[in-house]
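Student: Handing you this structure, nothing more for now.
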Amino acid sequence: MTGRKQAAGSRWLKLAALTAALVCVPFLALLFEAVQGSQGLWSHLAASVLPKAIFDTAILLVGVGILVASMGTGAAWLVTAYEFPGRRTMEWALLLPLAVPTYIVAYAYLDILHPIGPVQGAVRWLLGYSSPREFRLPDIRNMTGCIVLLGFVLYPYVYVATRAMFLTQPASLIEVSRTLGVSRNAVFRRVALPLARPAIVVGVSLALMETLNDIGASEFLGVRTLTVSIYTTWVTRSDLPGASQLALALLAVVVAIVAAEQYARRRQRFAPNAQRSGGGLERQRVSLPKGLLLLGLCLVPVLVGFVAPAAHLAMEAYARLGFAGLPARFLSDITNTVLFSAGATLITLVLGSAVAYAARLHSGTSSAWLYRLATIGYAAPGTVVAIGLLIALGAFDRTADKVASSWLGFSTGLLFLGSGAALLYAYSTRFLAISAGAMAAGLSRIPQSLDDVSRMLGENASGTLRRVHLPLSKTALAASGLLVFVDCIKELPATLLLRPLNVETLATHLYGEAARGTYEEASISALMIVFVALLPVIWLARVGRGGNR
């Protein structure tokens, strides 16, 4: 019996090792292909594409980082430190821009601010002009427009992390500063802000990761980032080695961001009982005029990042339904989106749970490394993962087809790349960290004594997972499954590169219509994505309010 139990436990470690190996495949394939060279094209890419791409990417990251840090930290401090009309509503409303993918915001504002769009038309009417030739606002298709739009969508990453830090800061530190005659603004600069710096760094790092992963907004707004350059190098030049080399450069940027985030948090320490012993920060009541000013400041990012694009999409979708009904392929796009996202969610939950459970059963260096390797895909942009899988799975498909043709007399075609399996592989690689992290967090709340009791009653590792851990971790698994499902629906770069021929999802349909300039045709798809993406935002808002005083 003991031997069977140990064998069951070792099987989980082997499954974790297999999962980690599969996650590493696209990155190893990327490195192998990049080393092969691009048949003389690399010199052209290095001279004309890479410098511009690196420069634009660096400027975009710096601009977005400054904007999200300022907006997210400022909004978090306002709703935490002050009591003003509408504060409780603003606490959750400030999360709403998370529901709008960056490419949808760019798509919406290109239509809203079009020279013959509603905003510029209203401005010309007020100023007495009748034609765009007489007056038009500056075009948003530039670096500044891209920074501003991405900043208004991604600031919630900083807001969530920083607000949580402000809420857990002991009030005693703040009150000591106040007794020394320091103003509330000075307390923010000298006490609260330095203490919240690790959370700000984490939030900014997440926002920058999303910026690197973006392809739609940057391309729509005319910014040639590394991600856009990788996509165009493969799609327009069919230069896979060149795209691989650019992808490695992008991966180096990701590693630099992660290293910077770890370095900034190197001295972070937690005092578990600090909040309970000192209490939370007491909010300061303000006068009505000042309260309305604070409400207005909090409303600006919500209006720009969510209300305006969502309202425009709703109006466009209503108009589209009124004159032409649903697009011909809308139902098939929804079906493809749901099938791919649900399939990837199921795979991710199974493999993520296996990796987390193996780490619990075999606590040590090997299981810890397997966990890290299995979850590295979340830090990599979807374009990088997709290019790596194009290389690896393309080679497998060609080899399988050659063997089948030689030995069996028939062609297998593209087993992975032509069936959608490659897209499931990419989704699972990208989002495995979500399910593994949620399962690990759920398992950490379960006492080890329950495992011991289960073993004493004759259960092996698999039986303990099925009868003890899964029932106790079902809430964490459900939440992570929702997050993975929504992230798969929103994922654009990997879907563009790996979807089978003649297969469209909501995201790729929107991208295609926006690229053609037929914005009204994609409004329904965009609105559907925003609606689904609202679900985890609502859940996050409920969790945040439940943990608030």
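Here, each number is a calculation from the coordinates, and none is a lab measurement. What you are looking at is a predicted structure, and each value in this text was computed from that prediction instead of being measured. As a convention, Cβ positions derive from the backbone with ideal geometry for all residues, glycine included, and neighbour counts pool all protein chains shown.
Student: I need the peptides 46-52, 227-233 ranked by packing, meaning the mean over residues of other C-beta atoms within 10 angstrom, with the highest value on top.
Tutor: Ranked by mean Cβ neighbours within 10 Å, highest first: 227-233, 46-52.
Student: Moving to a separate point now. Within 14 Å, Cβ to Cβ, of V532, how many net charges do the neighbouring residues add up to if Lys/Arg are +1 and Asp/Glu are -1?
Tutor: -2
Student: In terms of the Cα gyration tensor, with a ≥ b ≥ c the square roots of its eigenvalues, is the chain rounded because a/c is under 1.5, prolate because a/b exceeds b/c, or oblate?
Tutor: Verdict is oblate for the chain.
Student: Here's another thing I want to ask about it. Once amide H atoms are built 1.01 Å from N in the peptide plane, which residues 5 or more positions from Y82, or in another chain, come under 5 Å H to H?
Tutor: Residues meeting the amide H criterion: Q284.
Student: Would you mind pulling out the separation of the Cα centroids of the range 275-351 and the range 431-460, in Å?
Tutor: Centre-to-centre distance over Cα atoms comes out at 34 Å.
Student: Can you compute 3J(HN,Hα) from phi for each residue in the range 514-524, using the Karplus curve 6.51 cos²θ - 1.76 cosθ + 1.60 with θ = phi - 60°, rounded to whole Hz and x for Gly and Pro?
Tutor: Result, rounded to whole Hz: 5, 5, 7, x, 8, 4, 5, 5, 9, 5, 5.
Student: Determine, for each peptide in 93-99, 162-168, 476-482, the mean count of other beta carbons within 10 angstrom over its residues, then list the peptides with the highest first.
Tutor: Answer by packing, highest mean first, reads 93-99, 162-168, 476-482.
Student: I need the phi-derived Karplus couplings for the range 282-292: 6.51 cos²θ - 1.76 cosθ + 1.60, θ = phi - 60°, integer Hz, Gly and Pro marked x.
Tutor: With the stated coefficients, the range 282-292 comes to 7, 6, 8, 6, 10, 5, 4, x, 5, x, 5 Hz.
Student: Another one. Compute the relative contact order of the chain as a whole-number percentage, counting only Cα pairs closer than 8 Å that sit 6 or more residues apart in sequence. Let's see the in-between values first.
Tutor: On the way: 748 pairs, mean separation 135.8, N = 549.
Here the relative contact order equals 25 percent.
Student: May I pose another question? First measure r as the distance between the Cβ atoms of A328 and R455, then evaluate 1/(1 + (r/R0)^6) with R0 = 51 Å and state the FRET efficiency to the nearest 0.05.
Tutor: For A328 and R455, the calculated efficiency is 0.30.
Student: Which of the listed residues, W92, L326, P536, is farthest toward the dipole's positive end in the chain, when Lys, Arg count +1 and Asp, Glu count -1 at the beta-carbon?
Tutor: Towards the positive end, the residue furthest out is W92.
Student: Ordered by packing density, taken as the mean number of other Cβ atoms within 10 Å over each peptide's residues, highest first, how do 329-336, 78-85 rank?
Tutor: So the order, starting with the most tightly packed, is 78-85, 329-336.
Student: Taking the Cα centre of the chain as origin and charging only Cβ (+1 Lys, Arg; -1 Asp, Glu), how large is the dipole, in debye to the nearest 20?
Tutor: Dipole of the chain, to the nearest 20 debye: 1920 debye.
Student: Taking a ≥ b ≥ c as the square roots of the Cα gyration tensor eigenvalues, with a/c under 1.5 meaning rounded and otherwise prolate when a/b beats b/c, else oblate, which class fits the range 287-360?
Tutor: Oblate.
Student: A further question on this structure: I'd like the FRET efficiency for K290 and L321, computed as 1/(1 + (r/R0)^6) with the beta carbon distance as r and R0 of 45 Å, rounded to 0.05.
Tutor: 0.55
Student: Please give the FRET efficiency for S131 paired with S405, using the beta carbon to beta carbon distance and R0 = 45 Å, rounded to the nearest 0.05.
Tutor: Computed FRET efficiency for S131 and S405: 0.10.
Student: In deg cm²/dmol and to the nearest 500, what is the mean residue ellipticity at 222 nm of the chain if only DSSP H runs of at least 4 residues count, each as -39500 (n - 2.57), divided by the residue total?
Tutor: Per the formula, -24000 deg cm²/dmol.
Student: With each label point set 7 Å from Cα along the Cα-Cβ vector, what nm distance links L501 and S48?
Tutor: Each label point is offset 7 Å from its Cα along the Cβ direction, giving 2.9 nm.
Student: Okay, moving on. Just to confirm a number: summing +1 for Lys and Arg and -1 for Asp and Glu over residues other than E520 whose beta-carbon lies under 12 angstrom from that of E520, what do you get?
Tutor: So the surrounding residues net to -2.
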